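See below for the structure under consideration.
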Amino acid sequence: MSAETEKAFQDVEFGEDLPEIQPDISLDNVKLFTQSALMLASRFVDHDAARKAGLPGAIVPGIMSQGILVAMIHDWAPNAQVDKVDTIFRAPLLVDSKPVCRAVVTDLDEQRKTVEIDLTISNEAQETRVLGTAIVRL
(Lines give C-alpha, C1' and ligand atoms only; values in the text may rest on other atoms or scores of the structure.)
Protein backbone atom coordinates (compact mmCIF):
# COMPACT_ATOMS: atom_id res chain seq x y z
CA MET A 1 0.00 0.00 0.00
CA SER A 2 1.46 3.35 -0.93
CA ALA A 3 1.56 6.33 1.42
CA GLU A 4 -0.88 8.20 -0.86
CA THR A 5 -3.66 5.69 -0.17
CA GLU A 6 -3.25 5.55 3.59
CA LYS A 7 -5.55 7.56 5.83
CA ALA A 8 -3.95 8.99 8.95
CA PHE A 9 -5.96 9.52 12.13
CA GLN A 10 -4.89 13.17 12.33
CA ASP A 11 -6.36 13.81 8.87
CA VAL A 12 -9.87 12.72 9.89
CA GLU A 13 -12.35 15.40 10.95
CA PHE A 14 -15.39 15.11 13.19
CA GLY A 15 -18.48 15.31 10.97
CA GLU A 16 -16.55 14.23 7.87
CA ASP A 17 -18.70 12.46 5.29
CA LEU A 18 -17.25 9.38 3.67
CA PRO A 19 -17.75 9.18 -0.10
CA GLU A 20 -21.13 7.58 -0.69
CA ILE A 21 -21.40 4.46 -2.80
CA GLN A 22 -24.12 2.78 -4.81
CA PRO A 23 -23.47 -0.94 -4.45
CA ASP A 24 -24.35 -3.55 -7.04
CA ILE A 25 -27.08 -5.66 -5.48
CA SER A 26 -28.32 -7.08 -8.74
CA LEU A 27 -29.70 -10.60 -8.67
CA ASP A 28 -26.55 -11.90 -10.38
CA ASN A 29 -24.28 -10.29 -7.80
CA VAL A 30 -26.39 -11.45 -4.86
CA LYS A 31 -26.34 -14.99 -6.32
CA LEU A 32 -22.53 -14.87 -6.46
CA PHE A 33 -22.41 -13.73 -2.84
CA THR A 34 -24.88 -16.31 -1.55
CA GLN A 35 -23.11 -19.13 -3.40
CA SER A 36 -19.76 -18.07 -1.94
CA ALA A 37 -21.24 -17.77 1.55
CA LEU A 38 -23.23 -21.02 1.19
CA MET A 39 -26.45 -19.10 1.91
CA LEU A 40 -28.67 -20.84 -0.59
CA ALA A 41 -32.07 -19.80 0.79
CA SER A 42 -34.48 -18.90 -1.99
CA ARG A 43 -35.51 -15.65 -0.26
CA PHE A 44 -32.15 -14.20 -1.37
CA VAL A 45 -32.10 -15.33 -5.01
CA ASP A 46 -35.66 -15.83 -6.21
CA HIS A 47 -38.19 -12.98 -6.27
CA ASP A 48 -41.21 -15.28 -6.68
CA ALA A 49 -40.17 -17.60 -3.85
CA ALA A 50 -39.53 -14.60 -1.60
CA ARG A 51 -42.99 -13.19 -2.38
CA LYS A 52 -44.57 -16.56 -1.60
CA ALA A 53 -42.83 -16.36 1.79
CA GLY A 54 -44.43 -12.96 2.45
CA LEU A 55 -41.54 -10.73 1.44
CA PRO A 56 -41.82 -7.96 -1.16
CA GLY A 57 -39.18 -9.72 -3.30
CA ALA A 58 -35.75 -11.27 -2.94
CA ILE A 59 -33.77 -9.63 -0.13
CA VAL A 60 -30.09 -8.90 0.31
CA PRO A 61 -28.53 -11.03 3.09
CA GLY A 62 -27.63 -9.03 6.18
CA ILE A 63 -23.99 -10.06 6.09
CA MET A 64 -23.78 -8.83 2.49
CA SER A 65 -25.09 -5.43 3.63
CA GLN A 66 -22.48 -5.38 6.38
CA GLY A 67 -19.78 -6.32 3.88
CA ILE A 68 -20.83 -3.48 1.60
CA LEU A 69 -20.58 -1.01 4.49
CA VAL A 70 -17.12 -2.28 5.44
CA ALA A 71 -16.04 -2.03 1.79
CA MET A 72 -17.16 1.62 1.82
CA ILE A 73 -14.95 2.23 4.86
CA HIS A 74 -11.98 0.60 3.10
CA ASP A 75 -12.61 2.70 -0.02
CA TRP A 76 -12.26 5.77 2.22
CA ALA A 77 -9.33 4.43 4.27
CA PRO A 78 -7.72 1.34 2.71
CA ASN A 79 -5.40 0.96 5.72
CA ALA A 80 -8.25 1.00 8.26
CA GLN A 81 -8.67 -1.81 10.72
CA VAL A 82 -12.39 -2.25 11.33
CA ASP A 83 -12.65 -3.30 14.97
CA LYS A 84 -16.44 -3.47 15.18
CA VAL A 85 -19.52 -3.14 13.01
CA ASP A 86 -22.91 -3.03 14.68
CA THR A 87 -25.94 -2.92 12.40
CA ILE A 88 -29.70 -2.69 12.73
CA PHE A 89 -31.84 -4.03 9.90
CA ARG A 90 -34.94 -1.83 9.89
CA ALA A 91 -36.50 -3.24 6.73
CA PRO A 92 -35.50 -5.58 3.91
CA LEU A 93 -33.09 -4.30 1.30
CA LEU A 94 -34.47 -5.57 -1.98
CA VAL A 95 -32.37 -7.31 -4.59
CA ASP A 96 -32.20 -5.36 -7.88
CA SER A 97 -32.85 -2.04 -6.12
CA LYS A 98 -30.48 0.94 -6.30
CA PRO A 99 -29.50 1.76 -2.70
CA VAL A 100 -27.10 4.44 -1.53
CA CYS A 101 -24.64 3.89 1.32
CA ARG A 102 -23.60 6.88 3.39
CA ALA A 103 -21.39 7.37 6.42
CA VAL A 104 -20.24 10.16 8.69
CA VAL A 105 -17.54 10.41 11.34
CA THR A 106 -19.29 10.85 14.70
CA ASP A 107 -16.44 10.48 17.22
CA LEU A 108 -12.66 10.57 17.39
CA ASP A 109 -10.74 8.90 20.20
CA GLU A 110 -7.29 10.52 20.32
CA GLN A 111 -5.92 8.08 22.86
CA ARG A 112 -6.87 4.93 20.97
CA LYS A 113 -6.62 6.49 17.49
CA THR A 114 -10.08 5.17 16.68
CA VAL A 115 -12.82 6.71 14.60
CA GLU A 116 -16.53 6.06 15.14
CA ILE A 117 -18.57 6.13 11.95
CA ASP A 118 -22.36 6.12 11.60
CA LEU A 119 -23.49 4.07 8.60
CA THR A 120 -26.70 3.91 6.56
CA ILE A 121 -28.07 2.15 3.52
CA SER A 122 -31.13 3.84 2.02
CA ASN A 123 -33.36 2.79 -0.84
CA GLU A 124 -34.52 4.89 -3.78
CA ALA A 125 -37.34 6.37 -1.65
CA GLN A 126 -34.69 7.63 0.82
CA GLU A 127 -35.93 5.17 3.44
CA THR A 128 -33.19 3.91 5.74
CA ARG A 129 -33.13 0.13 5.49
CA VAL A 130 -29.88 -0.59 7.34
CA LEU A 131 -28.11 1.59 9.89
CA GLY A 132 -25.22 1.07 12.16
CA THR A 133 -21.94 2.13 13.66
CA ALA A 134 -18.37 1.11 13.02
CA ILE A 135 -15.28 1.55 15.16
CA VAL A 136 -12.23 1.94 12.96
CA ARG A 137 -8.58 2.10 13.94
CA LEU A 138 -6.20 4.19 11.84
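The values are calculated or read from the model by the stated rules, or taken from the named source; none is laboratory data. Nothing here was measured: the structure is a model prediction, and the numbers come from that model. We place every Cβ from the backbone using ideal geometry, glycine too, and count neighbours over all the protein chains shown.
A few notes on this one:
- Within region 85-96, tally of residues that are surrounded by fewer than 19 Cβ atoms within 10 Å (Cβ to Cβ) and out of contact with any helix residue (DSSP H, G or I) (no Cβ under 8 Å at 6 or more places or on another chain): 4
- Of the residues making up region 37-84, those that are among the charged types (D, E, K, R) and under 21 Å from Leu131 (Cβ atoms) number 3.
- Flag if Leu119 is closer than 24 Å to Lys7 by Cα, surrounded by 15 or more Cβ atoms within 10 Å (Cβ to Cβ) and in contact with a Gly (Cβ under 6 Å, 6 or more places away or on another chain): yes
- None of Pro78, Pro56 is assigned to a loop (DSSP other than H, G, I, E, B), touching a helix residue (DSSP H, G or I) at 6+ places or on another chain (Cβ under 7 Å) and not hydroxyl-bearing (Ser, Thr, Tyr) except Pro78.
- Scanning region 111-138 for residues that are charged (D, E, K, R) and in a strand (DSSP E or B) turns up Glu116, Asp118, Arg129, Arg137.
- Only a single item in (1) surrounded by 15 or more Cβ atoms within 10 Å (Cβ to Cβ); (2) at pLDDT below 95 is not met by Leu40, and it is number (1).
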